[in-house]
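Let me begin by presenting the structure, written as structure tokens, before commenting on it.
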């Protein structure tokens, strides 16, 4: 196996393993993923109330409020999970496509697109899981992670190009 092909194989394997992990976690019911009992065991409610901001907002038609500190904390953790899991997927797709020797901007755009497409299919998949629902707004949260990774890749690319030109 050529080193370039081996590198591509490793990146592709990592990408596919991560996609399988996302699929498996999405197949779990909400009850299996409920973090509130763990948070209750970890932090007393009065301590938690001191640390969370006193804000309320609606998300997909539901109220997210500091008045329910365990629900609020779980919401923040879940949404951070959405952002980070699809940020990692975008990173893996971009690296996989770069290992295939695709032009940078093609790999960058295609990697981001594939990650968002998988986010949409993941939400659709969740709509078939008992106790779960698929939400378009969650695809938006996933896309935040994808855009952050794309921005980092673009900034690094532009800095490198600027450094080469300034020599």
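The values are calculated or read from the model by the stated rules, or taken from the named source; none is laboratory data. Just so we're clear, the structure is a prediction, and the values are computed from it rather than from any experiment. Every residue, glycine as well, gets a Cβ built from its backbone with ideal geometry; the counts of neighbours run over all protein chains shown.
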Checklist entry - Does residue 115 qualify as being surrounded by fewer than 18 Cβ atoms within 10 Å (Cβ to Cβ), within 21 Å of residue 20 (Cβ to Cβ), in contact with a helix residue (DSSP H, G or I) (Cβ under 6 Å, 6 or more places away or on another chain) and at pLDDT 95 or above? => result no
Item to check | In the range 127-139, the residues that are exposed (fewer than 14 other Cβ atoms within 10 Å of the Cβ) and either under 14 Å from the mean Cα position of the chain (by Cα) or assigned to a helix (DSSP H, G or I) (or both) | outcome: 136, 137
Next on the checklist: Any residue that is in contact with a helix residue (DSSP H, G or I) (Cβ under 7 Å, 6 or more places away or on another chain), part of a helix (DSSP H, G or I) and crowded, with 16+ Cβ neighbours inside 10 Å - is there at least one of those in the range 51-65?
Outcome noted: no
Checklist entry - Would a scan of the range 74-95 turn up a residue that is in contact with a strand residue (DSSP E or B) (Cβ under 6 Å, 6 or more places away or on another chain) and surrounded by fewer than 20 Cβ atoms within 10 Å (Cβ to Cβ)? => result yes
Checklist outcome for this item: Listed by first then second residue, the pairs whose first member lies in the range 119-144 and is free of Cβ contacts under 8 Å to residues at least 40 places away in the same chain, whose partner is surrounded by 13 or more Cβ atoms within 10 Å (Cβ to Cβ) and part of a loop (DSSP other than H, G, I, E, B), with beta carbons under 7 Å and at least 6 positions apart or on separate chains, are 123/134; 123/135; 124/134; 127/134
Checklist entry - Would you call residue 7 under 24 Å from residue 136 (Cβ atoms), more than 18 Å from the chain's Cα centre (by Cα) and either free of Cβ contacts under 8 Å to residues at least 24 places away in the same chain or surrounded by 11 or more Cβ atoms within 10 Å (Cβ to Cβ) (or both)? => result no
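Report yes if residue 71 is farther than 22 Å from residue 145 by Cα, surrounded by fewer than 17 Cβ atoms within 10 Å (Cβ to Cβ), within 19 Å of the chain's Cα centre (by Cα) and in contact (Cβ under 8 Å) with a residue 12 or more places away in the chain, otherwise no. Show your work before the answer.
Working: farther than 22 Å from residue 145 by Cα: yes; surrounded by fewer than 17 Cβ atoms within 10 Å (Cβ to Cβ): yes; within 19 Å of the chain's Cα centre (by Cα): no; in contact (Cβ under 8 Å) with a residue 12 or more places away in the chain: yes.
Judged against the criteria, residue 71 is not a match.
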Item to check | Selection status of residue 150, assigned to a helix (DSSP H, G or I), in contact with a helix residue (DSSP H, G or I) (Cβ under 8 Å, 6 or more places away or on another chain) and over 25 Å from residue 13 (Cβ atoms) | outcome: no
